[in-house]
Each structure stands twice: as C-alpha cells, then as structure tokens.
1. For the stretch 234-375, count all C-alpha to C-alpha pairs, find those more than 19 Å apart, and express that count as a whole percent of the total.
2. Can you sort Ile314, Ile27 so the residue with the fewest Cβ neighbours within 10 Å comes first?
3. Could you work out which residue, out of Leu32, Leu81, Leu270, moves most in a Gaussian network model of the chain, that is, has the largest mean-square fluctuation with Cα springs under 10 Å?
4. Using only helices, what value at 222 nm comes out for the chain when you add -39,500 (n - 2.57) per DSSP H run of length 4 or more and divide by the total residues, to the nearest 500 deg cm²/dmol?
5. Return the equivalent ellipsoid semi-axes of the chain as a descending list in whole Å, where each equals the square root of 5 times an eigenvalue of the C-alpha gyration tensor.
6. So which aspartates and glutamates can Lys136 reach, going by Cα to Cα under 15 Å and dropping same-chain residues fewer than 8 places off?
7. Under unit Cβ charges (Lys, Arg +1; Asp, Glu -1), what dipole magnitude, rounded to 20 debye, does the chain have relative to its Cα centre?
8. Which value results for Rg/Rh of the stretch 135-244 when Rg is the Cα radius of gyration and Rh the Kirkwood radius based on the inverse mean 1/r?
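Every number in this text was worked out from the coordinates using simple rules, so none of it is lab data. Values in this document were obtained by computation on a predicted structure and should not be read as measured data. In this analysis, Cβ positions are derived from the backbone assuming ideal geometry, glycine residues included, and neighbour counts consider all displayed protein chains.
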Amino acid sequence: MTVRRVGIVGCGQLAQMMAQEGRPLGIAFSFLAEGDENTGCVEGLGTIVHAREGSDMEALYRAMGSPEVITAEREQVSVELLRALEQFCPVYPRPDAFEKTQHRVREKTAITAAGLPVSPFVPANNYDEICAAVEKLGYPAFIKSCENGYDGKNQWRVDSDEALAAIRDEVLAQQDEQEYVVEQGVNFSREVSLIGARTADGNVVTYPLAENDHYRGTLLVSTAPAPHVDEELQRTAQEYLSTLMNEWDYVGVLAMECFVSEDGLLINELAPRVHNSGHWTLAGAETSQFENHIRAILGMPLGDTSAERPAVMINMLGVDKEPSQPNEGVWLYGKSLRPGRKMGHVILLDDSQEALAARIDTMLAELYGETRRPA
C-alpha cells in the first residue's frame, strides 16, 4: 500500500501537532526547516530537511520524500520558497494566501475587497505619517508593524499626544526596515475567533466561536463555545470566513480573529494555518483542527466539528510543569524554557460554562500563582 505523505514547512509546535494528529490516519510527514530553525518540536515525527540559501528545490523536495502536498505551520514563511515548491506538488494553503496575510495592509485590503468589515485603518511608512494617521483616526489608536508583529511585538497603543511622542525614538530606530498600519481603536466587548477548514472542491466546515483572553498581547485563554453567543453572531462569523475561503479558493484551515463591537463583528486578523485559539479542539471537538487541516489538504472527507461540552485551552507561558488539577490533557511542546515562551497548553472540559469558569481560575492560580498571570 502506498503511504500518503505531507510535507510541512516549519518545525514548531503546530507542525508537531499536525503530525501527531495526522499519523493515526496513516499519513507520513516530513519537515522543511528554514535556515537555522530549531527542529526540536518535530524530532522523531518524520524526516527533517534543511533549506539553505541557494538550495536546489528539486533536491529538497526529493529529500522530503516527494510529498503529495506541502503545507506550512506559520504565515511568516518565504512565499518564494512555497512558489518554488509548487513545481513539484500542490502547496496548500496556496502561496497567495500567505502573501496576503503576512503583511497587515495587504491583509486588510484583501478583507475589505471581499466586502467584509475591519476597523478604520491608514498605512504609514514613517513616524511623521504615523502622526498624520493618528490625527485623522483619533485616539485611542493602535500602531502595528505590517510584518513580523505577533504576540504583542512591534505593536503600540497610544491614547494621547504624550503617548505618541513616547514611541518616537523606537519607531525611528526601525522605520527604515518597517511599514506600519495605524488602526482606529474599536470599542469592543470581547475578541472571538473562528476556525474553519475548506477542501479544494469547496466543502467548508467551521467550529464554534471561541472567546479569547490575552495577556500582554499573547493569547492566554480560549473558551469554546464562546459564552453567551447567539446564533446570529455564529452565523455572521461563518459567513465572513466562508466568503474569504471561497473568494481565495482557499484549501486547509483558516483562522479569523474578530472584535465584537457596537457596530457588529469586525475582522481583526487572519492566520492561514492551524491556530492557537483552536487548540481546544484536540480534546473538545469530535475532530481537531489539526486533523481537519490534513484532511482538507489531502482531499479527504472533513471531520465532525461539533463540541458536546464547553472547553477551554490555557496556554502555558514560561511554564513547563504538568499541573496537578484535573484536566483533559496537557500538551508540552518540548521547547527550552524561557520567560513568556509558549511551552505547552492544557485543556479543560466541563458540563457548564459556570463550572468551567471556576476551574479556569484554579488552573491559572496553579500555573502562575496569585496573580493568575505569567511573570
């Protein structure tokens, strides 16, 4: 019997969990590391190949075992590399999706081109243009680098002229290397995210909305289904995500983060990959986001996305000890410990949102102490 093989560009915890969830389906995996990327997360899960500048693409593809399809575990991946690999097999999601989502202005422009709402924004290329954009949009405003900004990095909130002046030197120090987007502050009640998967023939499935709690720009807790979500909000989010996937002819899992605002649901960010806010599906859904991503890119039937009980995922940031509190599973990624780093996550399930909320607090206290927040 011929073994189906998937190649993954990237060697972090998302690649790890894709392989762990895909191997029971009889799928083999290989991994492509870019440059000096650490490969510890995927050791023992398949062949690891290193791509260097000037590498021969056909040789890399053959070294990966000639996979049937190639995917990526992060959006900050070389689009040129993905397009070069398309000579040999399909790359899903397609490179164009990565090109759109790895640059904030391109991403927001692509979302609005699809007729979907985002918060008002203005592109900026230097500090003076940032100031002009803030004057146009008003306070509060969020300033974000268009590339390489994630988990709160290269992002600033400004509420006054003094706050804007305070970031001047930091922006000037890097403005030759950065483009920015300035976003109008949105009065929102909470952030939610939707995970969906689409096959090449257009079949789409989505999971229940999750509510996300961040700490210093990094996701700490995701609860699904998001508490007090009515059918209309879930349906609107599904329509947004389906519109994007169909317009982009998207294949694989797409994550969409949104603000629930006075003006309705506004799209904040997209991720063309399996996503941290969908980790709860490993224990809380009939089919995990990781398995459905593999199913989607291989053209297999998509799995059931229903969730019978409320679930929560808690990130272990700068913590790598297994908690003693009852849980549905602890996933440790095998990374070296450092403050604030995503070392793993724990999943809780319960029969009611109220019972789950109490257990979240207890688990946060065990992981992080009295503050319930990472150091």
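1. Details: 6066 of 10011 pairs.
Roughly 61 percent, rounded to a whole number.
2. Values: Ile314 28, Ile27 22.
Lowest to highest Cβ neighbour count: Ile27, Ile314.
3. Leu81
4. On the way: 12 runs with 111 residues, N = 375.
One gets -8500 deg cm²/dmol as the mean residue ellipticity at 222 nm.
5. Values: eigenvalues 188, 142, 93 Å².
Over the Cα atoms of the chain, the ellipsoid semi-axes are 31, 27, 22 Å.
6. Here the aspartates and glutamates satisfying the reach criterion relative to Lys136 are Asp128, Asp159, Asp161, Glu183.
7. Values: 32 positive and 57 negative charges, 182 e Å.
In debye, rounded to 20, the chain gives about 880.
8. On the way: Rg = 17.6 Å, Rh = 16.6 Å.
In the stretch 135-244, Rg relative to Rh is 1.06.
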